[in-house]
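Take a look at the structure set out below.
The values are calculated or read from the model by the stated rules, or taken from the named source; none is laboratory data. Note that this is a predicted model, so its numbers are computed, not measured. Positions of Cβ are backbone-derived with ideal geometry, glycine not excepted, and every protein chain shown enters the neighbour counts. The area values use the complete protein model at the heavy-atom level, side chains included, leaving out ligands, DNA and RNA. Shrake-Rupley method; radii C 1.70, N 1.55, O 1.52, S 1.80 Å.
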Amino acid sequence: MAVVLETSLGDIVIDLHTEEAPNACLNFLKLCTVKYYNNCLFHSVQKDFIAQTGDPSGTGKGGQCIWNVIDSKKSRFFSSEIHPKLSHNKIGVVSMACLDGDKDKLGSQFFITLTDDLQRLDKHFTIIGEVGEGFDVLSKINEAFVDKEDRPMRNIRIRHTIIIEDPFEHVCVDGLTGVIPESSPQPTLDQYDYERIRDDEEILEPGQNDQDLHEELEFVKNRTNAQILVMIDDIPDVETKPPENVLFVCRLNPITEDEDLRIIFQRFGRIQSCEVIKDWKTGDSLQYAFIEYERVEDGEKAYVEMENVLIDDRRIHVDFSQSVAKFYWHHKKKGKFNQQKGANHARVEEANKMWNKRHEGHAQSQSYRKDKVADIQFECVDDGQSAVHKQRRLNEHKSHQKSDSKYDDQDRARHRSKHRHRHHSTDHKHKDKKYSNSDSLSHKDRKSHRRHKHDRSRSRSRDRRRHSNKSRNNY
């Protein structure tokens, strides 16, 4: 009760469920007997889902049952046999495919599951068996390159079918012996062999393997990306590669300086340059550095031995540099941000202007002399300039403190004025309350108080009418 499918990628052994789906298994076995599946394409491969075949036309719309092959007057399809105990719960489940989504239109097409947990298919498709051997072939089919219609770019075909055991050997099917070929038909070329890569076509050169092909594809991909970077003027040339003698060191302690790293790494060989990258505004360490050796071998030894080494209470990480920024700045004739190169860079000049303009405004508002405001230049701070840099930052901090103290005095004065006004308004309220207490007044005083209050309301309404008339006349 097993069938071997000899495909272009290897052999697949299918164990049939003849008791659960006898009619569907009979159809499948008799189609294998008449060599109906020979040269059939896997016309649909959906990654991590299913691989479908069994259509001689290769379109996915053809196929017929064995009774229609024998007699074209009989129905092309037969009914489903869905068994409740069978499920699409593992890789390699073989089921009959339906035409137009109708589960009772079963012909010759079938599919093999390429993943588990597909129980949602149980109530719609008839399971006829499962793969017993050849899971490596299923993995190759699953990894095949396909187009947007899920058709493999390189043809995958069933070359031959072999019946190991046929439990329906003695079942008589009228006219079957008349359609059984004397020998297996020879494969012939069709339109799909011209449109796509043939299943037997060699795409590798002599002596080349799959790994070489993947490396070549990766090279082409990287070259395409490099060409895009050249088009957007991010790198000077496609052939630009990171230097092999430069190491990238990260996770540094902020207090670690260039000379510290030079002393530690020079035991592996002569160092051409060692630079801890610093913020171009503040001069603070960004906690990574580039170390350039004279020889590539020295950099390789440092890469092996200095990984995860403890420097200034930090475990550093060492890798080969992938940066081409150095070539880029030389290409742009601007160099790095230091005193020798790039000091006239547009970003540096703009930042200098903004910084000095802001501090000049503070000095004028606070009546400070202009000559006391330091013009800070945003270059990389060298070791000899560290004291000057610290003094400038200290002066800046003091100026901010004076500014804050002045603003605090102004806020306190504004608060006292507001508080005084609130007390003044409260006193007026108390006075009104005193005169409004009619219980302590005599009858004559109460009458005078009401007249005074009425006169005030009339004067307010008269003022409002006068104001509204003036506004109306303006318009």
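Here region 216-285 has 52 percent of its accessible surface on carbon and sulfur atoms, given a 1.4 Å probe and all protein chains in place.
If I take all pairs of Cα atoms in region 220-305, what percentage of them are more than 22 Å from each other? For region 220-305, the fraction of Cα-Cα distances above 22 Å is 43 percent.
Taking a Cβ cut-off of under 13 Å around Val69, the surrounding Lys, Arg, Asp and Glu residues balance to a net charge of +3, with basic ones at +1 and acidic ones at -1.
Loop-located GluC sites (Glu not before Pro) in region 155-199 (DSSP state not H, G, I, E or B) with no more than 15 neighbouring Cβ atoms inside 10 Å: Glu169, Glu182. If you take all other residues with their beta carbon under 13 Å from the beta carbon of Lys103, and give Lys and Arg +1 and Asp and Glu -1, the sum is -3. Rounded to the nearest angstrom and listed largest first, the equivalent-ellipsoid semi-axes of region 77-122 from its Cα gyration tensor are 19, 12, 8. Dividing the alpha-carbon radius of gyration of region 159-279 by the rule-of-thumb value 2.2 N^0.38 Å gives 2.35. Extending 7 Å from the Cα toward the beta-carbon at both Thr282 and Glu6 defines two label points whose distance is 7.4 nm. One decimal place: the segment Glu149-Leu204 gains 17.2 nm when fully extended, by the rule 0.36 nm per residue minus the C-alpha distance. What is the list of residues in region 12-39 whose amide nitrogen lies under 19 Å from a point 7 angstrom out from the Cα of Glu195, following Cα to Cβ? Answer for this model: 39. Of the trypsin sites (Lys or Arg not before Pro) found in region 69-100, those in coil by DSSP whose Cβ has at most 10 other Cβ atoms within 10 Å are Lys73, Lys85. Compared with the alpha-carbon gap, the fully stretched path from Ile164 to Ser139 is longer by 6.6 nm at 0.36 nm per residue.
Loop-located GluC sites (Glu not before Pro) in region 256-294 (DSSP state other than H, G, I, E, B) with a sparse environment of at most 12 neighbouring Cβ atoms within 10 Å: Glu294. Just so you know, the averaged projected area of the alpha carbon convex hull for region 23-128 sits at 6.3 nm².
Across region 51-201, the convex hull enclosing all Cα atoms gives 154 Å³ per residue. Note that region 132-215 presents 73 Å² accessible area per residue, ligands and nucleic acids not counted, probe 1.4 Å.
Each other residue within a Cβ distance under 13 Å of Asp55 adds +1 if Lys or Arg and -1 if Asp or Glu, for a net charge of +3.
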